[in-house]
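The values are calculated or read from the model by the stated rules, or taken from the named source; none is laboratory data. Here the structure is a predicted model, which means the values were calculated and not measured. Cβ: placed from backbone, ideal geometry, glycine included. Neighbour counts: every protein chain shown. The area values use the complete protein model at the heavy-atom level, side chains included, leaving out ligands, DNA and RNA. Shrake-Rupley method; radii C 1.70, N 1.55, O 1.52, S 1.80 Å.
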Amino acid sequence: MKKIAIVFAAALCLASCGQKETQSSAAPSPQDFPYMVEQFADLGILRYRVPDFENLTADQKALVYYLTEAALWGRDILFDQNCKYNLQVRRTCEALYLNYKGDKTSAEWLGFETYLKRVWFSNGIHHHYSEDKILPECSQEWFAQACKEANVEIPEGLLRVMFCPDYLAKKVNTETGKDLCLTSACNYYENVTQAEAEAYYEAHKDNSPEPMWIGLNSKLTKDAEGNVIERVFKAEEGGLYSAALQKVVENLQKALPYAENEQQRLVIEKLIEFNITGNLKTFNEYAIAWVRDLDSRVDFVNGFTEVYGDPLGITGAWESLVNFKNMAATERTKALSDNAQWFEDHSPIDQRFKKAECKGVSAKVITAAILAGDCYPATPIGINLPNANWIRKSYGSKSVTIENLTEAYNQASLGNGFNEEFMLSDVERECAKKYGAHMSDVHVDLHECLGHGSGQMLPGVSKDALKEHGSTIEETRADLFSLYYMADSKLVELGIAPDMEAYKSQYYHQMMNGAMTQLVRIEYGKNVEESHMRNRALISNWVLAHATPGAPEAEIVERDGKHYMQVNDYEGLRRLFGELLAIIQEVVSTGDYARACQLVDAYAVKVDPQLHREMLDRYEPLHIAPYKGFVNPIYTPVFDKEGKIIDVRLDYTEGYAEQHLRYSRDYSNLPTINE
Ligand code: ZN
């Protein structure tokens, strides 16, 4: 199905396609808008529209403009967080790219060019999804010679960083039994073992009722005496990444006069203060102010946010997303959040794990105006923040789906032949065609607006109890909550689902994707690694393993030597999703790490090599890039004589390499190695 092509980044949760009927303006066809930019390696680059931008007020446009500037200045931070040598690789390769005078049609040059494009895409030298090191498709000899000819200096050790497959092999290692800090190439721990890091966090843990998220914005390293120390990411002197954060602060200060209201002004002020001092108490104040800002049309995320890039799940990767509310589509999610308590009360989980009072589950559909840091070029299509559980519990959370991005995915992938190859029959294909786009938006809404916010931990259970499996289990929980309710007549009653057939499109997709077709995104011989993919595998494989013997609700069948997912009993499938939800909720609520390990090991990680081979062989001839990302539009402000912004022009014409080279030229001020 189309959504297989969708990329899931850090905060991203579900696959989805655009829901045209709620769009404020109809999406143009691929003939009328150039959604597709280019394709290389396993990546497709798309362009997204920013519909309705022209209808914002001049002040709202100015606010968007300065927030997008603040967003773009964080790019270098993420490169450095992903691996200590990423900026070195990027800058050396860009210098060669710009200065090479030799043959640009040779296989070596083209291999090098693809490598650089992949490094831009991944914000570093590791695949954004598999987290394995990307090896250049040019030879080391060619690269060294080309640099020499172009007068580009190769820093000491760089060739090993780029070309040696065993060195810095994995960005985030989650293999049980290994020292996750020492074996991960990401830059959150330097010369610090996992035991030392865990001991440090344990000793510095904030046990107050409103705890600071210790470690969110810092790197652990050692001082001259060998003591573990924290290097805080902050703009003020002595901070790591201070030069970039100063530019972020500068642009947030410029955005401030254009704030839409007092609450939003407070949000920006607190974020400025936090970026300067790195004080996590200020971060909490900022997060609370942000959750409370529900009236502004323009909104944004900017800073150290998702922790998937840290093997211990503590430190946030830098990201930014600037957006504004899609008024029409927001009505749909409001219907869900208004009924949050009903969904909580009727959930098939143990009473002890239910929230007595479901607070402030706000939800809106947004239009992205810029993607940056960990949201770029691969991006989430749904976000639910903040991540601190106590803030979510006391103040609620904000949940969004990003409809102009799902629109671009959907429009760009029309008729790519995927459903024809992998779905069992026309029955499933027709169901997907009729309901797939709308219901996968609903899937995102349920997952984000209700799923993550549902349920509660038993007193005394730590949010880190599930350790390296925390993300996988949490995503499984949110997906199951969504799947369970998708088949509920309540959705029809609320006018969200059109009828009691619609959910079947998502049930079939979950079963097919989780057990079979998502394997096309994994290199042959590798296991399932990424937490959202693990979550989908866990659900499908658990259901297949627990299907009724002799009369399975779902099964993998063979037709003419090819394997397909066959669903025999959709209502039975719902019952199984409910049973698994009850189990997963218990694991989360009680912090049952052993059970989490057992579930993940049994259902989420391992790949049947024969099935994997078959999926890859059937997928390959379709020539679909399994991962997608975006180029951003360019925003150009128009000033009056007093220097006030009176308009902002929007331009969609920039290419992929062009954009990255411009960002590296205009928004890059960090040292190549940050210490
Ligand atoms: Zn999620």
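Measuring spread by the Cα atoms of the chain yields a radius of gyration and Dmax of 24.0, 78 Å. The 3J(HN,Hα) values that the Karplus relation (6.51, -1.76, 1.60; θ = phi - 60°) gives for segment 165-174 are, in residue order, x, 8, 8, 6, 5, 9, 5, 10, 8, 10 Hz. Gly and Pro appear as x.
With Cα atoms defining each centre, segment 608-640 and segment 542-576 are spaced 29 Å apart in the structure. Put simply, the Cα atoms of segment 80-136 extend 33, 19, 13 Å along their principal axes, the longest span coming first.
Loop-resident trypsin sites (Lys or Arg not before Pro) (DSSP state other than H, G, I, E or B) in segment 25-114 with no more than 13 further Cβ atoms inside 10 Å of their Cβ: 101, 104. Derived scalar couplings between HN and Hα for segment 206-213 equal 8, 9, 6, x, 10, x, 7, 8 Hz in order, rounded to whole Hz, by the Karplus curve 6.51 cos²θ - 1.76 cosθ + 1.60 (θ = phi - 60°), x for Gly and Pro. Which of rounded, prolate, oblate describes segment 368-458, given a ≥ b ≥ c as roots of the alpha-carbon gyration tensor eigenvalues and a/c under 1.5 marking rounded, otherwise prolate only if a/b is larger than b/c? Here segment 368-458 falls in the oblate category.
Taking the three principal axes of the alpha carbon atoms in segment 219-302, the coordinate ranges are 51, 22, 14 Å, sorted in descending order. For the chain, the relative contact order comes to 21 percent (Cα pairs under 8 Å, sequence separation of at least 6).
Excluding same-chain neighbours fewer than eight residues apart, the lysines reachable from residue 433 by a Cα-Cα span under 24 Å are 2, 3, 20, 490, 504, 562, 628.
Extension gain for residue 579 to residue 613 (0.36 nm times residue separation, less C-alpha to C-alpha distance): 9.1 nm. Ignoring ligands, DNA and RNA, please state the percent of accessible area on the chain from carbon and sulfur, probe 1.4 Å. Result for the chain: 49 percent of the exposed heavy-atom area is carbon or sulfur. Only DSSP H runs of four or more residues enter the estimate; each adds -39500 (n - 2.57), and after division by the residues of the chain the mean residue ellipticity at 222 nm equals -12500 deg cm²/dmol. Between the exposed loop cleavage positions of the chain, defined as chymotrypsin sites (Phe, Trp or Tyr not before Pro) in a non-H, G, I, E, B DSSP state with at most 13 neighbouring beta-carbon atoms within 10 angstrom, the longest gap is 168-523. Multiplying the residue separation of residue 622 and residue 159 by 0.36 nm and removing their Cα-Cα distance gives an extension gain of 163.2 nm. The loop-placed GluC sites (Glu not before Pro) in segment 96-163, going by DSSP, that have at most 16 neighbouring Cβ atoms within 10 Å of their Cβ come out as 137, 153, 156. From the alpha carbon centroid of segment 383-441 to that of segment 287-362 is 17 Å.
The mean sequence separation of alpha-carbon pairs under 8 Å and at least six residues apart, normalised by the residue count of segment 363-486, gives a relative contact order of 27 percent. Computed about the Cα centre, the dipole magnitude for segment 544-675 is approximately 240 debye when only Lys and Arg (+1) and Asp and Glu (-1) carry charge, each at its Cβ. For a modelled paramagnetic label at residue 167, 7 Å from Cα along Cα-to-Cβ, the residues of segment 72-106 in reach, with backbone nitrogen under 20 Å, are 80-96. Once the mean of 1/r is taken over each pair of separate Cα atoms and inverted, segment 571-638 shows a Kirkwood hydrodynamic radius of 16.7 Å. The mean accessible area for residues of segment 541-675, using a 1.4 Å probe and ignoring ligands and nucleic acids, is 48 Å² per residue. Per residue, the accessible area of segment 121-208 comes to 48 Å², computed with a 1.4 Å probe over protein heavy atoms only. Straight distance only, please: which aspartates and glutamates reach the Cα of residue 234 with their own Cα at less than 16 Å, same-chain residues fewer than 8 apart left out? Once the sequence-local aspartates and glutamates are set aside, what remains near residue 234 is 76, 80, 250, 269, 273, 319, 675.
Loop-located GluC sites (Glu not before Pro) in segment 223-274 (DSSP state other than H, G, I, E, B) with a sparse environment of at most 16 neighbouring Cβ atoms within 10 Å: 225, 236, 237.
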